[in-house]
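S.K.: Before I ask anything, let me first share the structure, which is written out below as structure tokens.
The values are calculated or read from the model by the stated rules, or taken from the named source; none is laboratory data. This is a predicted model, so every value here is computed, not measured. All Cβ positions, glycine included, derive from the backbone under ideal geometry; neighbour counts span all protein chains shown. With ligands, DNA and RNA removed, areas are computed over all heavy atoms of the protein, side chains included. Shrake-Rupley method; radii C 1.70, N 1.55, O 1.52, S 1.80 Å.
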Amino acid sequence: LRDGVEFVHDDLAEPTVARAAVAGMDYVIHQAAIPSVPRSVEKPEESHRANIDATLQILLASRDARIKRLVFAGSSSVYGDTEVLPKTEVMPTNPLSPYALQKLMGEMYLQMFTRLYGLETVTTRYFNVFGPRQDPSSPYSGVISVFIRALVEGRRPTIYGDGGQTRDFTYVANVVEGVLEACQAPQASGEGINVGTG
């Protein structure tokens, strides 16, 4: 226990671990995932276990523990490469990687648990989240931390493509605020909500 937070390093795909994780909770904010498109392509089975099997176990445990609401970390990757901007919740989905498909399956599981069991659920779809302590040496790091490191070291950042690409960069504090709002927002249950800046 550190700063009022208990950290447990374990496998949420295991039913006993999932049940212990939600025991005594009012709300579950399910952020656990392997959040990497390249890694999901390279190791789809590992990614599936972390992103689908664990989500199902958390849903079952939350239903059985009668928690008030489960908020799930979704992803804007479910939209695919559509050129329509900004992305809106009514757009069709078009997952282009195992990760994107797994996030969409997670959303669908949440909606089903809301319909079948009355478990309140909300998906918060993240765009490109950035903020302090993001590791620029990670191959999966967001471009902002990579650019900042290059600039601090006096190097020119490398831009791939023609430089005309767009991304919705969302500061981590705004994401946290959106997730906390999703815990109690009236009429949000069963919905998928974009958390971005447009």
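S.K.: State all residues of the range 64-92 that are part of a helix (DSSP H, G or I) and either surrounded by 18 or more Cβ atoms within 10 Å (Cβ to Cβ) or small (G, A, S) (or both); if no residue qualifies, say none.
M.R.: The answer is A65, S76, S77, V78, Y79.
S.K.: Does Y171 satisfy being closer than 30 Å to K68 by Cα, of a type in the set (S, T, Y) and in contact (Cβ under 8 Å) with a residue 60 or more places away in the chain?
M.R.: no
S.K.: If you don't mind, there's one more thing I want to ask. For A13, all conditions in the list (1) at pLDDT 95 or above; (2) in a loop (DSSP other than H, G, I, E, B); (3) open to solvent by 40 Å² or more (accessible area, probe 1.4 Å) hold save one; what is the number of the exception?
M.R.: With (1) at pLDDT 95 or above; (2) in a loop (DSSP other than H, G, I, E, B); (3) open to solvent by 40 Å² or more (accessible area, probe 1.4 Å) applied to A13, the lone miss is (3).
S.K.: State whether one or more residues within the range 111-119 are crowded, with 18+ Cβ neighbours inside 10 Å and assigned to a loop (DSSP other than H, G, I, E, B).
M.R.: Yes: one or more hits.
S.K.: Next question, about the same structure. Quick one: in the range 1-10, which of the residues that are of a type outside the set (A, V, I, L, M) and under 20 Å from the mean Cα position of the chain (by Cα) is surrounded by the most Cβ atoms within 10 Å (Cβ to Cβ)?
M.R.: If we take residues in the range 1-10 being of a type outside the set (A, V, I, L, M) and under 20 Å from the mean Cα position of the chain (by Cα), then D10 is surrounded by the most Cβ atoms within 10 Å (Cβ to Cβ).
S.K.: Kindly provide the set of residues from the range 32-57 that are open to solvent by 90 Å² or more (accessible area, probe 1.4 Å) and under 20 Å from T124 (Cα atoms), ordered by number.
M.R.: Passing the criteria: only P35.
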